[in-house]
Amino acid sequence: MGSPRVVVGMSGGVDSSVTAALLKEQGYQVIGMTLRLWSEEHLGLDNRCCTTDAVGDARSIAGQLQIPHYTVDAKQIFHETVVSAFIEGYQKGITPNPCLTCNRHIRWGFMYQRARALGADYMATGHYARLRENRNGKVQLLKGVDPDKDQSYVLYMLSQDDLRHTLLPLGDYTKYEVRKMAEEFQLPAAHRPDSQDLCFLGGDDYRDFLLRNQPTVHHPGPILDTEGEKLGEHQGLAFFTIGQRKGLGISPPRPHYVLGKDPERNALLVGTRDELGQSSLQARDVHWVSGSAPEAPLKAEIKIRYTAPAREGVVTPQPDQKAKVQFPEPLRDITPGQAAVFYQGEICLGGGIIQGTSP
């Protein structure tokens, strides 16, 4: 029996490069794989995950590590699943998180299938999260040790089968330690800055992207306060998100924030800071990492956005892969389309997509 074979998703950046180097050092048969993802190439905009330079860097690093490297065209499926869902979400008045869709359908869908076709036992990425098997034989998803880089939030949808065939070697390290290791491995990506924007926007503003790719999002309508009074006119619900204060184009006596959207009336709903915030949310498409939902409500810490701090609450599982989350006090930024992810300490229990709120 030879050593296990693992396919590493390589972007040319520091995290995936160190992932490949660590796994090779640990004795795995490592294969590098870079996906070519859709972008607006006709406008000269690259997908930040796979620019021409990034693909070249990934190939060069694979050569340096003396591992095979494959570049795989995933443009069509990426557009059909990730980009289309992003556009459709904004059309429906929600604020989607395309990274969640990408992880489910592209990384642990399309790329995982390609990895298995190459005879790989595992797939690995540079995500900052950890895996651990508990005494019942279930694989647990844990937060990364670096609280500033923990990415378990975007992995909550992975199944037990996914997790059993996944390696996440960076979860035990801080970003600083990863960069130091990159220096020790003499990797050229050691000090490359992290990308912060959505990869397929190519550094552009999402509003401009939507206008180019779905002009109907420019759909003017009323801006209404909680009493139903019209305060102004918006240029499209897609251009606003819950909790937004700046850029509303109105001048009431007190600062106003976006409270919600009413697609049926094409109305943007605004109110004062005191009116902003909800104490519960409804989640759909709820996935439990263990593979089964709890039989009773449970206390947990809940993150309602990737960058949001976790808040204590009670999660009540419901039929049809739904759950209700109740908080002891109102939260300001509960946003339909984002994920609510449930934790108990360092363990990620699961999560779902925020469908709506209630007072």
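The values are calculated or read from the model by the stated rules, or taken from the named source; none is laboratory data. The structure presented is a predicted model; accordingly, all values stated were derived computationally and were not measured. Because the Cβ atoms are built from the backbone with ideal geometry, glycine has one as well, and the counts that use them run over all protein chains shown.
Can you tell which of Q235, Q214, Q244 is in contact with an Asp or Glu (Cβ under 9 Å, 6 or more places away or on another chain) and among the polar types (S, T, N, Q)?
Numbers: Q235 fails: in contact with an Asp or Glu (Cβ under 9 Å, 6 or more places away or on another chain); Q244 fails: in contact with an Asp or Glu (Cβ under 9 Å, 6 or more places away or on another chain).
Residue meeting the stated conditions: Q214.
Within the stretch 84-112, how many residues are out of contact with any strand residue (DSSP E or B) (no Cβ under 9 Å at 6 or more places or on another chain) and of a type in the set (A, V, I, L, M, F, W, C)?
5
Which strands (runs of 3 or more DSSP E) does the stretch 270-359 wholly contain that include 3 or more residues that are on the phi < 0 side of the Ramachandran plot, surrounded by 18 or more Cβ atoms within 10 Å (Cβ to Cβ) and out of contact with any Pro (no Cβ under 6 Å at 6 or more places or on another chain)?
Numbers: elements: 278-288, 298-303, 311-318, 322-331, 339-344, 347-358.
Because the criterion is at least 3 residues that are on the phi < 0 side of the Ramachandran plot, surrounded by 18 or more Cβ atoms within 10 Å (Cβ to Cβ) and out of contact with any Pro (no Cβ under 6 Å at 6 or more places or on another chain), the strands (runs of 3 or more DSSP E) in the stretch 270-359 that meet it are 278-288, 298-303, 322-331, 339-344, 347-358.
Here is a check on your reading of the model: is C50 in the same structural domain as T174 (by TED's automatic domain parsing), over 17 Å from the mean Cα position of the chain (by Cα) and among the hydrophobic types (A, V, I, L, M, F, W, C)?
Taking the combined requirement at face value, the residue satisfies it.
Residues being without any contact (Cβ under 8 Å) to a residue 40 or more places away in the chain, within 14 Å of T125 (Cβ to Cβ) and touching a Cys at 6+ places or on another chain (Cβ under 9 Å): count how many of those fall in the stretch 1-49.
The number of residues fulfilling the criteria is 1.
Residue by residue through the stretch 122-160, note down the ones that are in a strand (DSSP E or B) and basic (K, R).
Initial filter on the stretch 122-160 (in a strand (DSSP E or B)): 122-124, 129-133, 139-143.
If the condition is that a residue be in a strand (DSSP E or B) and basic (K, R), then R130, R132, K143 are the ones that fit.
Within the stretch 75-108, work out how many residues are aliphatic (A, V, I, L, M) and at pLDDT below 95. Walk me through how you get there before you give the answer.
We begin by selecting, within the stretch 75-108, every residue aliphatic (A, V, I, L, M); these are 77, 82-83, 85, 87, 94, 100, 106.
Filter once more, keeping what is at pLDDT below 95: 94.
Residues meeting the conditions: 1.
Please find, within the stretch 56-74, the residue that is modelled with the lowest pLDDT out of those that are surrounded by fewer than 20 Cβ atoms within 10 Å (Cβ to Cβ) and under 20 Å from D194 (Cα atoms).
G56
For every residue, the table says whether it meets (1) under 22 Å from F86 (Cα atoms); (2) of a type in the set (G, A, S); (3) in the same structural domain as D46 (by TED's automatic domain parsing).
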position	(1), (2), (3)
Y176	no, no, yes
A182	no, yes, yes
F185	no, no, yes
E229	no, no, no
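Scan the stretch 281-292 and tell me whether some residue there is without any contact (Cβ under 8 Å) to a residue 12 or more places away in the chain and within 27 Å of S152 (Cα to Cα). First the steps, then the outcome.
At the first step, the residues of the stretch 281-292 found to be without any contact (Cβ under 8 Å) to a residue 12 or more places away in the chain are 292.
With within 27 Å of S152 (Cα to Cα) added as a condition, the list becomes 292.
Yes, because at least one residue in the stretch 281-292 is without any contact (Cβ under 8 Å) to a residue 12 or more places away in the chain and within 27 Å of S152 (Cα to Cα).
Restrict the check to the stretch 226-240 and report whether at least one residue is within 22 Å of G89 (Cβ to Cβ), surrounded by 19 or more Cβ atoms within 10 Å (Cβ to Cβ), under 21 Å from the mean Cα position of the chain (by Cα) and among the small types (G, A, S).
Within the stretch 226-240 (the criterion being within 22 Å of G89 (Cβ to Cβ), surrounded by 19 or more Cβ atoms within 10 Å (Cβ to Cβ), under 21 Å from the mean Cα position of the chain (by Cα) and among the small types (G, A, S)), the answer is yes, since at least one residue qualifies.
Filtering the stretch 89-116 down to residues that are among the hydrophobic types (A, V, I, L, M, F, W, C) and closer than 13 Å to H165 by Cβ, which residue is surrounded by the fewest Cβ atoms within 10 Å (Cβ to Cβ)? I'd like the intermediate steps shown before the answer.
At the first step, the residues of the stretch 89-116 found to be among the hydrophobic types (A, V, I, L, M, F, W, C) are 94, 99-100, 102, 106, 108, 110-111, 115.
After this cut, where a residue has to be closer than 13 Å to H165 by Cβ as well, the list is 108, 111, 115.
Working: W108: 23, M111: 20, A115: 25.
Filtering the stretch 89-116 for residues that are among the hydrophobic types (A, V, I, L, M, F, W, C) and closer than 13 Å to H165 by Cβ, the one surrounded by the fewest Cβ atoms within 10 Å (Cβ to Cβ) comes out as M111.
For the stretch 35-53, give me each residue that is hydrophobic (A, V, I, L, M, F, W, C) and under 19 Å from I77 (Cβ atoms).
Restricting attention to the stretch 35-53, the residues satisfying the condition of being hydrophobic (A, V, I, L, M, F, W, C) are 35, 37-38, 43, 45, 49-50.
Scanning the stretch 35-53 gives L35, L37, W38, C49, C50.
Specify the residue that is farthest from D57 (Cα to Cα); the eligible residues are those in the stretch 181-198 that are at pLDDT 90 or above and surrounded by 14 or more Cβ atoms within 10 Å (Cβ to Cβ). It would help to see each step written out before you state the result.
So the first thing to find is which residues in the stretch 181-198 are at pLDDT 90 or above, and the list is 181-187.
Filter once more, keeping what is surrounded by 14 or more Cβ atoms within 10 Å (Cβ to Cβ): 181-182, 185, 187.
Numbers: M181: 18, A182: 14, F185: 15, L187: 10 Å.
Among residues in the stretch 181-198 that are at pLDDT 90 or above and surrounded by 14 or more Cβ atoms within 10 Å (Cβ to Cβ), the one farthest from D57 (Cα to Cα) is M181.
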